[in-house]
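Visitor: Here it is, the structure, as structure tokens.
The values are calculated or read from the model by the stated rules, or taken from the named source; none is laboratory data. What you are looking at is a predicted structure, and each value in this text was computed from that prediction instead of being measured. So basically every Cβ, Gly included, is an ideal-geometry build from the backbone, and we count neighbours across all protein chains shown. Remember, those area values only see protein heavy atoms, side chains included, never the ligands or the DNA or RNA. Shrake-Rupley method; radii C 1.70, N 1.55, O 1.52, S 1.80 Å.
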Amino acid sequence: MLVDVAVPLPLYRTFTYAVPDTDASRARPGMRAVVPFRNRREIGVIVGEGHEQNGISPKPVAGLPDTDPVIVPSLLSLCAWMAEYYAVPLGVAIRGALPGALASHEAPEPVRRTRRVAVLRRELPSLLHRDRTFARAPQQRALFELIESLGGRVPVEHLTSRLNFSASVLKGVVARGVITVEEEVVARDPFAWRPAPSPVAHRPSPAQREAIDRLTAAQGGEVFLLHGVTGSGKTLVYIELLRRVVLERGRGAIVLVPEIALTPQTVDRFRAVFGESIAVLHSALSDGERYDEWLALKEGRKRIAVGARSAIFAPIANLGAIVVDEEHESSYKQGESPRYHAREVAIVRARAEGAVVVLGSATPSVESWVNATKEGKYMLLTLPERVGQARLPTIDVVDRREPRGAAMQDPATRDWLRMVLSEPLESALSDRLQKKEQSILLLNRRGYAAFVQCSSCGYVAACPNCSISLTYHRTPERLVCHYCRHAEAPATLCPKCAGAVLRQRGLGTQQVERLLAERYPSARIARMDVDTTSGKWAHAEILDRVASGDVDILLGTQMIAKGLDFPNVTLVGVVDADVGINLPDFRASERCFQLLSQVAGRAGRGPKGGRVLIQTRVPAHHAVTRAVAHDYEGFVREELAGRVTPAYPPTVRLANVVFSGTTEAATAKLATDATIWLHALLRKRPMPGIAIVGPAPCPVERIKNRWRWHVLIKAEHPAELTRLSQYFVQRFAPPKDSTKLRVTLDRDPVALL
Ligand code: ADP
Ligand code: ZN
């Protein structure tokens, strides 16, 4: 018997191997196969029947480690779609969809133990039944109803130690024959250390109700964009949808969040309602722990997967719903091959498996907004107001432009604190400390690329062809466009106001933390950035401390802007909004608007209200003015108008082809050769609506000692982009030399840095 095997190597084809007839039953599609490959062994996946080619007799497989397919047919087709769309080998796409533990030869052993669970055995459909059954035992009735509301299956340990029911109450319910206690096999629970959250039941607002009703009435395959302002209660909408889909209809669901460690509250809310039926897949899990969770989903012991982007491949049968929370987040795009976007994969998977998709955000990506409003591909649901008594915070701009000449001051006499905190922000912080309210300070990560900005009017030079900001280079001193290589000499005086143009040098979070500590010696300050991630749960711990009121000022980068819900935070300060705006990337304004709106959304979630101060030198920039006005639609209108000429997504589709190598000369030559190759191909086989931009050095010119250049492919039609991408990756190979040249293609890139 011959089988077709996809191996996880950069080869755009599958390979045929022979399987002895005695093993034929274990050689179905989706089973792994250990195969000999060029003096090595590879673990591939059988994708179909093999065929003998030109009389060469195929090599035999070296082993079939599984008794069940590791990947079911529907997920195999999803991988085939990824391979085609993102121009990656099928084996690489499949590898991206499987847990890491399955990459080793041995079948991983799940770690199992047992425990006792209370299981609902008899329904009591009417109040009369309940009154009769539990006549003089209100505690037993409460316990029964709790087990019922938790899905009918709850660990005894959870009921007695966490929910404080006594063993005798449980015994009483068991004696009435409505509940039994059974032994159950469990996997390790990586979330076990976190306190079990208690469910909070809210009555949905009318807007939430409407969204819930439309979602629960939806057809499989339908996609909804849930546009709900910050604090509008999107999580409740997701939870109610899942209650119907999972608890009532018995189907499975996937909830994608940008990053588990940064959104512990959201995850806790799901755990509070669905408890044991949730598998939380997060990056801190070991391969073995992740495999346990994966297996629990595959065997149907758990039916909801909550996780970051790769959870979209969770092996859930009978999938009923997929939630993509904060759908605009760029972390949904995988940075290495296969470079898929989990939101796009979610939509393709849901269509194939008949699930409903909800994309939720207060600041949807421009693409999703267009799909929901202009293209009619998604249905739009709106939550226009915050729930309860909360109102959106007032946002004020602190104009940081300085009078001409001020910037020329001697650095030795500069007031560093004042560079970080303007007077209004400093006094607002003091006020909050006095009132024992909490503040959040956002310090935008410094750009990878330096830019020069006029300190009097905020002007930043942009490329005349690409309308992205120019990057400052020191030797020789030039401003360079990293899309098309346009270059010009930096002006010493601002062309707009003749003020002094200065290279931006920012302070890091650590320095700002020190300045704050000096200014507010008794304040409890917590800092959160990539450097404070040492422990697996460092972020969740910091956030828990904020939640319990042990922190007065939370200082951090972008990561503090996500989904946090702390009612005592009444002030949010943005130290420097311009950093994000001036990144050399066509999405810079969009990301900045999203960041400003999201971080502002952390303020005023409680009855005390909230205020936001944004410090900037470009107070008239639409990312700033629209964020201040809470005007998402106005922002998108302006942003879309700016993406027509020159054209950027969603006006066109994009692929970013990145070339890298250990020397700059060889990398530049490779990029140039590839561009010539592409132009020659297009002359020979014209493709309508394709444009090539570049080559140019990437804005981040070097990463880990590799030089980087890139070329942009713009396409009016997605199908043409697929065709050209496939053609390119399969036929254009970098020469093999000592400079270790590499080519990668990133379709629908989220950043071009
Ligand atoms: P979003 O994700 O839209 O920013 P959340 O889902 O975090 O908002 O909800 C904000 C807060 O409002 C949470 O503390 C949540 O428990 C609460 N909440 C949600 N729905 C309601 C409601 N209908 N009534 C009162 N409070 C609610
Ligand atoms: Zn340019």
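Visitor: Could you give every pair whose Cβ atoms fall below 6 Å, whose first residue belongs to the stretch 460-481 and is away from ligand 1 (no atom under 16 Å from the Cβ), and whose second residue is among the charged types (D, E, K, R), counting only separations of at least 6 or pairs across chains?
Guide: Short answer, once both residue conditions are applied: TYR472/ARG503; LEU479/GLU488.
Visitor: Yes or no: ARG136 open to solvent by less than 60 Å² (accessible area, probe 1.4 Å) and not β-branched (Val, Ile, Thr)?
Guide: Considered against the rule, which asks whether it is open to solvent by less than 60 Å² (accessible area, probe 1.4 Å) and not β-branched (Val, Ile, Thr), ARG136 comes out as no.
Visitor: Could you list, in sequence order, all residues of the stretch 340-356 that are within 16 Å of the chain's Cα centre (by Cα) and either under 27 Å from GLU633 (Cα atoms) or of a type in the set (D, E, K, R) (or both)?
Guide: Keep residues of the stretch 340-356 that are within 16 Å of the chain's Cα centre (by Cα), which gives 340-347.
Hits for the stretch 340-356 are HIS341, ALA342, ARG343, GLU344, VAL345, ALA346, ILE347.
Visitor: Here's another thing I want to ask about it. Considering only residues that are within 12 Å of ligand 1 (Cβ to nearest atom) and among the small types (Gly, Ala, Ser), look in the stretch 604-613 and name the one that is nearest to VAL624 (Cα to Cα). Step through it out loud before you land on a result.
Guide: Filtering the stretch 604-613 down to residues within 12 Å of ligand 1 (Cβ to nearest atom) leaves 604-607.
Narrowing further to those that are among the small types (Gly, Ala, Ser): 604, 606.
Numbers: GLY604: 19, GLY606: 24 Å.
Across the stretch 604-613, the extreme among qualifying residues is GLY604.
Visitor: How many residues, within the stretch 566-579, are open to solvent by less than 10 Å² (accessible area, probe 1.4 Å) and either at pLDDT 90 or above or not hydrophobic (A, V, I, L, M, F, W, C) (or both)?
Guide: 7
Visitor: If you don't mind, another one. Condition (residue is near ligand 2 (Cβ under 9 Å from one of its atoms), at pLDDT below 80, open to solvent by less than 50 Å² (accessible area, probe 1.4 Å) and hydrophobic (A, V, I, L, M, F, W, C)) applied to the stretch 459-481: is it met by at least one residue?
Guide: Yes.
Visitor: How many residues does the stretch 482-493 hold that are within 11 Å of ligand 2 (Cβ to nearest atom) and surrounded by fewer than 21 Cβ atoms within 10 Å (Cβ to Cβ)? Full working, then the answer.
Guide: Residues of the stretch 482-493 that are within 11 Å of ligand 2 (Cβ to nearest atom), as a first pass: 482-488.
Filter once more, keeping what is surrounded by fewer than 21 Cβ atoms within 10 Å (Cβ to Cβ): 484-488.
Residues flagged as within 11 Å of ligand 2 (Cβ to nearest atom) and surrounded by fewer than 21 Cβ atoms within 10 Å (Cβ to Cβ) within the stretch 482-493 amount to 5.
Visitor: Now for a different question. Scan the stretch 669-708 for residues that are open to solvent by less than 20 Å² (accessible area, probe 1.4 Å) and farther than 19 Å from ALA647 by Cβ and jot them down.
Guide: Hits for the stretch 669-708 are LEU670, ALA671, ALA674, LEU681, PRO697, CYS698, PRO699.
Visitor: Then there's this: Which residues, taken from the stretch 1-43, are out of contact with any helix residue (DSSP H, G or I) (no Cβ under 9 Å at 6 or more places or on another chain), in a loop (DSSP other than H, G, I, E, B), open to solvent by 30 Å² or more (accessible area, probe 1.4 Å) and not charged (D, E, K, R)?
Guide: Of everything in the stretch 1-43, those that are out of contact with any helix residue (DSSP H, G or I) (no Cβ under 9 Å at 6 or more places or on another chain), in a loop (DSSP other than H, G, I, E, B), open to solvent by 30 Å² or more (accessible area, probe 1.4 Å) and not charged (D, E, K, R) turn out to be PRO20, ASN39.
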